[in-house]
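Engineer: I have a structure here, written as structure tokens, and I will follow up with some questions on it.
The values are calculated or read from the model by the stated rules, or taken from the named source; none is laboratory data. As the structure is a computational prediction, the values presented were derived from the model and not from experiment. No Cβ is skipped: glycine too gets one built from the backbone with ideal geometry, and neighbour counts run over all protein chains shown. Heads up: the accessible areas ignore ligands, DNA and RNA and are worked out on the full protein's heavy atoms, side chains in. Shrake-Rupley method; radii C 1.70, N 1.55, O 1.52, S 1.80 Å.
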Amino acid sequence: NYVLWKCGIQHRDPSANNLMFRRLPDETLVGVLNDWDLANIEGSAPHTGLERTGTIPFMALELLRNEYWTGNIERRYEHDL
């Protein structure tokens, strides 16, 4: 997720339901973040910050404040953590 964020692709809805993993024969777990349909790609469309993306129980508290909905808080990588 971090590498994609640095490249301008923001998932914006990480949650337990968007994680998949499998166990390799050597017992190593390999996981992926799926469901990229709500992702924001820089340069593809203007982002106003007014659209709600995310699963509320997994959203950063800062994004649930009025200041975010009015466009006064910029969405950052740590909001997806």
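Engineer: May I ask you to list pairs of residues, at least six apart or on different chains, whose Cβ atoms are under 6 Å apart, with the first in the range 66-81 being modelled with pLDDT of 85 or more and the second being hydrophobic (A, V, I, L, M, F, W, C)?
Structural biologist: GLU67/ILE73
Engineer: So in the range 21-40, with the set limited to residues that are under 15 Å from the mean Cα position of the chain (by Cα) and in a strand (DSSP E or B), which one is surrounded by the fewest Cβ atoms within 10 Å (Cβ to Cβ)?
Structural biologist: Checked the range 21-40; the qualifying residue surrounded by the fewest Cβ atoms within 10 Å (Cβ to Cβ) is VAL32.
Engineer: So PHE58 ticks every box in (1) loosely packed, with under 10 Cβ neighbours inside 10 Å; (2) at pLDDT below 80 but one. Which box is left unticked?
Structural biologist: (1)
Engineer: Only one of (1) open to solvent by less than 90 Å² (accessible area, probe 1.4 Å); (2) at pLDDT below 80; (3) closer than 16 Å to HIS79 by Cα is not met by ALA45, so which one is it?
Structural biologist: (3)
Engineer: Taking interchain pairs and intrachain pairs at least six residues apart, which have beta carbon atoms under 6 angstrom, with the first residue in the range 1-29 and closer than 13 Å to GLU78 by Cα and free of Cβ contacts under 8 Å to residues at least 60 places away in the same chain and the second open to solvent by 60 Å² or more (accessible area, probe 1.4 Å) and part of a loop (DSSP other than H, G, I, E, B)?
Structural biologist: ASP13/LEU38
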